[in-house]
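First comes the structure, then the notes that go with it.
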Amino acid sequence: MNVSIHNTLTRRKDELIPSEGAFRMYCCGPTVYGPAHIGNFRTFIVQDALRRTLECAGLKVKHVRNITDVDDKTIRESRKLGVSLKEFTKKWEDKFHEDCAKLNMLPPTIEPRATEHIAEQLDMVSKLVGNGHAYVSSDGSVYFKISSCPTYGKLAGLDRDNMATQATNSAGEANNADEYERENVSDFALWKGRKPEDGDNFWRSPWGEGRPGWHIECSAMSRKYLGDSFDLHGGGIDLCFPHHENEIAQSECATGAVPYVKYWFHSAHLMVEGQKMSKSLGNLYTLDDLVAKGYTPAQIRYALLSGHYRQQLNFTFKGLDDAKSALSKMRKAASSALERANISVAEFKKMIKPGAEFSGTIFEGAWNAMCDDFNVPRALGEIFGALPKLSGEKSDISAFGSLLYALGIDVFAGAEDSAEEVPVPDEIMDIARKRWEAKKAKDFASADKLRNEALEKGWIILDKKDGFSVSPKKA
Ligand code: AMP
Ligand code: ZN
């Protein structure tokens, strides 16, 4: 069965069919200037699960996800700290990879960095200058000329007839910003002439020293690794305009290959407890923040994946608690089926892979939901409907293994952690969190006191790499 998604470009549900050989997908990756937040991870996990689902549908997937390691933010923050851009971005790139591994995300097939593809970006900009789709301004910047591209606006559905395509933005300035509003459709920078605030971060170009604009990196790197025209492009909904609209314009005008991308896959944003995430509201959580509150990466992944990708996901602590009990239910059902089939957990872990046949199994409905506009919440509902019927039947067990692969859920992750089996009272969790905060603040005396307090009440707090676990004291 083919997997379908809602294609932002065609505005309908399309079946994902590779145009040749492997299914080629490109996802806009992180800008590495700090730890990624759970909103970023929601988008990356949805893309990871889509890739896994395509593999379960029998496709070979070539997945490219870039690292944005040069832009206004990375340059500004590295200069504030007085370290090189490379040293600064490497630290956050490593942290991103660490978090991805904990969240059970598959590494992309290729993960190119913007700074290592300057030549490819310059090549594309030169082509656009050469064929009249771009022009050079007096400060050595190069701009894409929107009025030269009659199809500009096709992805975001801009009203071409009533849209003033202009060289400058509404304030009458050249548009040097990476991001801008729909109302401000204006020529955008492909190459930015060197400015004092760029410090040492510049490259030579036919138009003088400078650095690439943000949008061009994805056009140049996707072209290098996936070709002029490829299958699917993904990102959070905020990237649809202007970033993806600009990518289409640059790529199609530079190469002449239309369409640049066949399927556009956008995921809706994550909200926290009904509000937009922001530093000032104190709700901009990283993976470490949630682990320090006693949740496991598997529970966090489950909570981030459990909503439909086209609906805003309201992330709540109740949702995390629900994820915890859902995972525990899945594990219990799997354990008893494995026992009946005489299969060990280690053997079952090997069965968590693509390739199972779903039709005729109790998980056929769940798989159909995954294929139908990648409907994860419906699939989870189907899974819980089927679990009571899960016996020692081998074909059902292996279908379950493949579904777990598609979702990227390892039900036996941390199974040895008894905290997941026995509910920890709120009072004890409070003590454990306070102790963790004290420990982080290097107030070891208070940390010890709190640990003893929990122990007296019958609970053991243990440190893990990035957080803690709580388990009942054995009698
Ligand atoms: P960035 O590192 O800002 O370039 O973003 C990386 C990815 O995260 C992009 O695909 C964004 O669209 C996505 N993203 C940013 N904020 C959120 C959010 N609140 N919810 C879901 N995705 C987001
Ligand atoms: Zn991009």
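Rule-based calculations on the coordinates, nothing more; no lab input. What you see is a predicted model; the values in this text were computed from it and never measured. Cβ coordinates were reconstructed from backbone atoms using ideal geometry, including for glycine residues, and neighbour counts include every protein chain displayed.
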Rank ILE118, MET105, TYR135 by how far each Cα sits towards the positive end of the charge dipole of segment 85-163 (+1 on Lys, Arg Cβ; -1 on Asp, Glu Cβ) and give me just the farthest. TYR135
ASP139 to SER446: extension gain in nm, 0.36 nm per residue of separation minus the Cα-Cα distance? 104.6 nm
Value at 222 nm in deg cm²/dmol, rounded to 500, when DSSP H runs of n ≥ 4 in the chain each add -39,500 (n - 2.57): -13000 deg cm²/dmol
What is the magnitude of the charge dipole of the chain about its Cα centre, with +1 placed on the Cβ of each Lys and Arg, -1 on the Cβ of each Asp and Glu, and no other charges, expressed in debye to the nearest 20? 800 debye
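Over the residues of the chain, compute the C-alpha Rg and express it relative to 2.2 N^0.38 Å.
Ratio of Cα Rg to 2.2 N^0.38 Å: 1.08.
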Rg and Dmax of segment 15-150, Cα atoms only, in Å: 18.1, 53
What order do you get for 116-125, 50-59 when each peptide is scored by the mean count of other beta carbon atoms within 10 Å, highest first? 50-59, 116-125
Can you give the Kirkwood hydrodynamic radius for segment 286-326, in Å, rounded to one decimal and based on Cα pairs? 10.4 Å
Take SER359, project a point 7 Å from its Cα along the Cβ direction, then tell me which residues of segment 15-39 have their backbone nitrogen under 20 Å from it. 15-18
Separation in nanometres of the label points that stand 7 Å from Cα toward Cβ, at ASN368 and SER328: 3.3 nm
Cα-based Rg / Dmax (Å) for segment 225-303: 17.8, 52
Out of all Cα-Cα pairs in segment 334-382, roughly what percent, to the nearest whole number, are more than 15 Å apart? 58 percent
Selection from MET25, LEU50, ILE5 lying farthest towards where the dipole of segment 1-99 points positive, charges on Cβ: ILE5
For segment 201-256, which semi-axes, largest first and in whole Å, follow from the square roots of 5 times the eigenvalues of its Cα gyration tensor? 22, 15, 10
Using distinct alpha-carbon pairs, which all enter the 1/r mean, Kirkwood radius of segment 287-406 in Å: 15.0 Å
Nearest 5 is fine: what % of DSSP beta bridges in the chain come out antiparallel, could you say? 50 percent
Starting from the Cα of ILE17, step 7 Å along the direction of its Cβ; do the same at GLN275; then give the gap between the two resulting points in nm. 4.9 nm
Mean Cβ count within 10 Å, highest first, over the residues of peptides 81-91, 22-32, 329-339: 22-32, 329-339, 81-91
Quick query: amide H of CYS27 versus all other amide H atoms, modeled in the peptide plane; which residues come in under 5 Å with a sequence gap of 5 or more or a different chain? VAL64, ARG65, ASN66, GLY234
Given 289-297, 64-72, the highest-first ranking by average Cβ count within 10 Å works out to 64-72, 289-297
From the P(r) of segment 22-90, could you give the percentage of C-alpha pairs in the tail past 21 Å? 40 percent
FRET efficiency for ASP463 and SER336 from the Cβ-Cβ distance with R0 = 35 Å, rounded to 0.05, comes out at 0.60
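How big is the antiparallel share of DSSP beta bridges in segment 1-116, given as a percent to the nearest 5? Display every interim value, and only then the final one.
Working: 4 of 12 bridges.
The antiparallel proportion sits near 35 percent.
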